[in-house]
1. Tell me, what is the per residue accessible area of the chain in Å², probe radius 1.4 Å?
2. Quick one: net charge around Ala28, please, counting Lys, Arg +1 and Asp, Glu -1 for every other residue with C-beta under 13 Å from its C-beta.
3. Quick check: at a probe of 1.4 Å, how many percent of the accessible area of the chain sits on carbon and sulfur atoms?
4. Quick one: helix 33-78 against the long Cα principal axis of the chain, what's the angle to the nearest 10°, folded into 0 to 90?
5. To the nearest whole percent, what portion of all C-alpha pairs in the chain is separated by more than 14 angstrom?
6. Which whole-number percent gives the relative contact order of the chain, counting Cα pairs below 8 Å spaced six or more residues apart?
7. Angle, helix 12-28 long axis vs. longest principal axis of the chain, Cα atoms, 0 to 90°, nearest 10?
8. Given the rule -39500 (n - 2.57) for each run of at least 4 DSSP H residues, summed and divided by the residues of the chain, what is its mean residue ellipticity at 222 nm, to the nearest 500 deg cm²/dmol?
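The values are calculated or read from the model by the stated rules, or taken from the named source; none is laboratory data. As the structure is a computational prediction, the values presented were derived from the model and not from experiment. A quick note on method: Cβ atoms are made from the backbone with ideal geometry, for glycine too, and the neighbour counts reach across all protein chains shown. Please note that ligands, DNA and RNA were not included when accessible areas were found on the heavy atoms of the full protein model with its side chains. Shrake-Rupley method; radii C 1.70, N 1.55, O 1.52, S 1.80 Å.
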Amino acid sequence: MSSRTEEADLSYEQARDELIETVRRLEAGGTSLEESLALWERGEELAKVCRRWLEGARARLDAALAEEEAEEEEAEEGE
């Protein structure tokens, strides 16, 4: 399974938790330069997954708020 496919299957919580663990490992040190770079790259990928989830959630929230506002305006016009 490719990294891209694995990322698409991650929930926000899974990506966040793995990102936290990746950052902990980087901050702890003791890894080779190659391992550190691989961790950094994985962290970047996980951050993108989290960002996409959050942007999607924000879009859904904005749409729900806009729908609610439109319904309120229609109700006011009907009074």
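1. Numbers: 6360 Å² over 79 residues.
Ligands and nucleic acids excluded, the figure is 81 Å² per residue.
2. Working: positive: Arg24, Arg25; negative: Glu21, Glu27, Glu35.
Local charge sum for Ala28: -1.
3. 51
4. In the chain, helix 33-78 runs at an angle near 0 degrees to the longest axis.
5. 71
6. Relative contact order of the chain: 36 percent.
7. Roughly 30 degrees, rounded to the nearest 10.
8. Taking each H run of at least 4 residues, the total per residue is -31000 deg cm²/dmol.
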